[in-house]
Amino acid sequence: MEPITTIQDLRQLAKRRIPRAIFEYADRGSYDERTIAANRADLAAMKLRQRVMIDVSQRSLATTIVGEPVTMPLAIAPTGLTGLYHRDGEICGARAAQAAGIPFCLSTMSICSIEDVAAAVAKPFWFQLYVMRDRGFVQSLVERAIAAKCSALVLTLDLQIQGQRHRDIKNGLSIPPRLTLSNALDIATKPAWAMGVLFGKRRTFGNLAGKAPGSDSLTTLSQWIAGQFDPSLSWRDVDWIRSIWPGKLILKGVLDVEDAKIAAGTGADAIVVSNHGGRQLDGAVSSISALPGIVQAIGDRTEILFDGGVQSGQDVLKALALGARACLMGKSFLYGLGAMGQAGVAKAIDIIRGELDVSMALTGVTDVKAVDRNVLAQGGTGLSGTAASVAAAVAEGEPGARANAPASAA
Ligand SMILES: Cc1cc2nc3c(=O)[nH]c(=O)nc-3n(C[C@H](O)[C@H](O)[C@H](O)COP(=O)(O)O)c2cc1C
């Protein structure tokens, strides 16, 4: 086998090692998959500016995210069902992240529970919260995150209603995964996965099963979840969460400048510019094209994190150039996990770290905190229309548009 040198290599390996339904749950997007494609295409279209003869012998990738020191501007995004990629997948992810000195965010929809992960790692992790209809249960989740000493709460705003991923329906993805006539052949070729996950002890939603009212049996659990996403969610709920969560608050899923202004007004410590990895509103703009406008509008008021299509260190560099403080990776993390468990996650982080380090040096920058629009080639945002003109404004340093600026208190 050739050595693994890219996130795409990990993707190929994961594809071979885990059942198709689970691989495609991560790999594919909603509806016609225009937005998942745009996330990658718009990052790819950006051009970096090659610089030479600058002493880059001393380099640093270290920075902070919501005040936490990190070894590089990257965090693991919350992903549901992570424990189906590999046995105890969330624990593998948290351990790899902590060993690498970056944050790990546990999803509400995880397989390992908050308590499982807290017992398995030494340092605090982040917890992602979906506000569901049953507010009493939501409050209990927040209390569990406090008891587990989670260092930040990531409140996801962009899933009041779930976008449809056709592949999940066609693949008959079920939780917990079942051996059926139609998937038997596929699973038979993935014996290591079957031993670890199919016959492992954690196979369903660890934070919900047996703990959420009405979720005692597994069949009713999936029905319960389907009915739990709350279309009536509003900014008032953010105020409520703020009142019951004493720690750092990150609002995830902002793609529009008007929403970003409201989000900044809540006093959140950071927002994540995100379209849920192209899994929700298909036809929405790519995350990277939304970033410059949001940075311009609120970059001096709150920290701006970014996700959507990050699969290399160059992608991270481009997002930082347009004003992100750091990036989150969803699929890149899951490809590593599906390919090789904890070692695969460590590999994914290492690949991105190495690429970021070298690409930063080749653009003539030695400190990641100093990355700004100057690392992009003239006109190199590759963006069109409003996003391009706003990116240009960011470049010219208009007020509120300073790239990668440390956030002041909102
Ligand atoms: C399989 C999968 C499951 C996800 N589950 C969640 C989730 O439970 N909560 C959440 O806030 N975001 C979830 N996301 C979105 C990610 O947090 C992140 O926004 C997205 O993956 C970023 O895009 P990328 O996959 O291109 O890196 C999920 C993404 C994937 C791929």
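The values are calculated or read from the model by the stated rules, or taken from the named source; none is laboratory data. Note that the structure is predicted; figures quoted are calculated from it, not measured. Heads up, the Cβs are rebuilt from the backbone with ideal geometry, glycines too, and the neighbour counts pull from every protein chain shown. When the accessible area is computed, the model is the full protein with side chains, heavy atoms only, and any ligands, DNA or RNA have been set aside. Shrake-Rupley method; radii C 1.70, N 1.55, O 1.52, S 1.80 Å.
Share of carbon and sulfur in the accessible area of the stretch 1-118 stands at 50%, probe radius 1.4 Å. The spacing between the stretch 241-302 and the stretch 1-53, judged by their C-alpha centroids, is 23 Å. At the residue level, L179 shows approximately 110 square angstrom of accessible surface with a 1.4 angstrom probe and all protein chains present.
Karplus-derived 3J(HN,Hα) values for the stretch 258-274, using 6.51 cos²θ - 1.76 cosθ + 1.60 with θ = phi - 60°, are 4, 5, 4, 5, 5, 4, 5, x, 6, x, 4, 6, 7, 10, 10, 6, 7 Hz; glycine and proline are entered as x.
The amide H of V70, built 1.01 Å from its N in the peptide plane, has T63, T64, I65 as neighbours under 5 Å, considering only residues 5 or more places off or on other chains.
Could you state the accessible area per residue of the chain in Å², with a 1.4 Å probe and every protein chain left in place? Write out the running numbers ahead of the final one.
On the way: 16590 Å² over 410 residues.
Value returned for the chain: 40 Å² of accessible area per residue.
Stokes-Einstein diffusion for the stretch 205-297, with the hydrodynamic radius set to the Kirkwood value over Cα pairs and evaluated at 37 °C in a medium of 0.692 mPa s, equals 212 µm²/s.
The alpha carbon centroids of the stretch 68-83 and the stretch 341-361 are separated by 13 Å. Label points 7 Å out from Cα along the Cβ direction at W235 and A122: separation in nm? My value for the distance between the label points is 4.3 nm. In this view, the solvent-accessible surface of R95, computed with a 1.4 Å probe and all protein chains in place, comes to about 110 Å². Using θ = phi - 60° in the Karplus curve 6.51 cos²θ - 1.76 cosθ + 1.60, the 3J(HN,Hα) couplings for the stretch 10-19 round to 5, 4, 4, 5, 4, 4, 6, 9, 10, x Hz; x is entered for Gly and Pro. Rounded to the nearest 10 degrees, the angle from helix 385-395 to the longest Cα principal axis of the chain is 60 degrees. Working from label points 7 Å from Cα in the Cα-to-Cβ sense, the A188 to H166 distance is 3.0 nm.
Once the C-beta distance of N374 and K211 is scaled by a Förster radius of 45 Å, the resulting FRET efficiency is 0.35 to the nearest 0.05. Most fluctuating residue of I175, I304, I250 in a GNM of the chain with Cα springs under 10 Å: which is it? The residue with the greatest mean-square fluctuation here is I175.
Convex hull volume of the C-alpha atoms in the stretch 1-105, normalised per residue: 187 Å³. Cross-link reach is defined here as a Cα-Cα straight distance under 27 Å, omitting same-chain residues fewer than 8 places apart; for K123 the lysines meeting it are K149, K201, K211, K248, K252, K331, K347, K369.
Relative to the longest principal axis of the Cα atoms of the chain, the long axis of helix 235-244 makes an angle of roughly 80 degrees.
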